[in-house]
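The values are calculated or read from the model by the stated rules, or taken from the named source; none is laboratory data. As the structure is a computational prediction, the values presented were derived from the model and not from experiment. Counting neighbours? That spans all protein chains shown, and the Cβs are built from the backbone with ideal geometry, glycine included. Surface areas here come from the heavy atoms of the whole protein model, side chains and all, with no ligands, DNA or RNA. Shrake-Rupley method; radii C 1.70, N 1.55, O 1.52, S 1.80 Å.
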Amino acid sequence: FTSVNVPAAGKAQATLCLWNALTRQRVAEFPLDNICAGLAFAKDGRTLVTSTGQGHITLWRIPGGTKLASYPSEQEPDMDPATGFAATSDLGLAAYGTPSGQLRVVDLRDGKQLWAAVASKGFITALAFSPDAKTLASAAGFNESDIRLWDVATRQQIGLLEGHQSWVGSL
């Protein structure tokens, strides 16, 4: 889980805490540069990626909390309860939405942006990669209730799921 603490000095400090669910014990805690806007574990459980609002996408070795790489991002920090960040299960790619409705896909091996597309008139509220990492789904619930499907390789929108009666907060 992540938390924000405001010490007597008055500067907020965001923290990522890792817990062992079996023992219910905290196993690690390390500082983030801003509010956590999304996170994902690699399928092997040894690497974690975090995205902080208007901060960085950071790869961590778990459980020690060693920072492996960090890349700048422009994700909106205050989108609760939205989940406008996603990563592939091998942590090869990450996607996030900007406050202007742009979808950005980043290569986590070098931090380079692979592509960007306008996915909404406003905030992107939810993102998810398919298990094979070939398709990315995006939603922009504050402005529209449709879900857009993107081909990751061609960078093109390949589908639109219409008919939701309310905003989409998670995919």
Identity of the residue in segment 54-64, more than 10 Å from the chain's Cα centre (by Cα) and open to solvent by less than 40 Å² (accessible area, probe 1.4 Å), that ends up farthest from Asn20 (Cα to Cα)
Gly55
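Count, please, the residues in segment 93-117 that happen to be part of a loop (DSSP other than H, G, I, E, B), at pLDDT 90 or above and open to solvent by 10 Å² or more (accessible area, probe 1.4 Å). I'd like the intermediate steps shown before the answer.
Going through segment 93-117, the residues part of a loop (DSSP other than H, G, I, E, B) turn out to be 98-101, 108-112.
Next cut, at pLDDT 90 or above only: 108-112.
Next, only the ones that are open to solvent by 10 Å² or more (accessible area, probe 1.4 Å) stay: 109-112.
Total meeting the criteria: 4.
State yes or no: is Asp90 modelled with pLDDT of 85 or more, in a loop (DSSP other than H, G, I, E, B) and more than 10 Å from the chain's Cα centre (by Cα)? Explain how you work it out, then say what you get.
Working: modelled with pLDDT of 85 or more: yes; in a loop (DSSP other than H, G, I, E, B): yes; more than 10 Å from the chain's Cα centre (by Cα): yes.
Answer is yes for this residue.
Could you go through segment 32-53 and let me know if any residue there is open to solvent by 30 Å² or more (accessible area, probe 1.4 Å), over 24 Å from Ser130 (Cβ atoms) and not in a loop (DSSP other than H, G, I, E, B).
Step one: filter segment 32-53 for residues open to solvent by 30 Å² or more (accessible area, probe 1.4 Å), giving 33-35, 39, 41, 43-46.
Right, trim to over 24 Å from Ser130 (Cβ atoms) and you get 33-35.
Now drop any that are not not in a loop (DSSP other than H, G, I, E, B), which leaves none.
Scanning segment 32-53, I find no residue that is open to solvent by 30 Å² or more (accessible area, probe 1.4 Å), over 24 Å from Ser130 (Cβ atoms) and not in a loop (DSSP other than H, G, I, E, B), so the answer is no.
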Quick test of your reading of the structure: Ala128 fulfils all but one of (1) part of a strand (DSSP E or B); (2) on the phi > 0 side of the Ramachandran plot. Name the failing condition by number.
(2)
Counted residues in segment 57-69 being under 15 Å from Thr15 (Cβ atoms) and either in a strand (DSSP E or B) or charged (D, E, K, R) (or both) come to 3
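Evaluate segment 1-14: report whether one residue or more is open to solvent by 70 Å² or more (accessible area, probe 1.4 Å), modelled with pLDDT under 85 and within 14 Å of Pro63 (Cα to Cα). Lay out the reasoning, then the answer.
Within segment 1-14, the subset open to solvent by 70 Å² or more (accessible area, probe 1.4 Å) is 1, 4-6, 8-9, 11, 13.
After this cut, where a residue has to be modelled with pLDDT under 85 as well, the list is 1, 4-6, 8-9, 11, 13.
Right, trim to within 14 Å of Pro63 (Cα to Cα) and you get 1.
Yes.
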Sort out which residues of segment 118-144 are surrounded by fewer than 16 Cβ atoms within 10 Å (Cβ to Cβ) and free of Cβ contacts under 8 Å to residues at least 24 places away in the same chain, and write them in order of number.
Val118, Lys121, Gly122, Ser130, Asp132, Lys134
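The rows are residues; the columns are (1) modelled with pLDDT under 95; (2) in a loop (DSSP other than H, G, I, E, B); (3) in contact with a Gly (Cβ under 8 Å, 6 or more places away or on another chain).
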site: Asp132; (1), (2), (3): no, yes, no
site: Glu144; (1), (2), (3): yes, yes, no
site: Arg148; (1), (2), (3): yes, no, yes
site: His164; (1), (2), (3): yes, yes, no
site: Leu171; (1), (2), (3): yes, yes, no
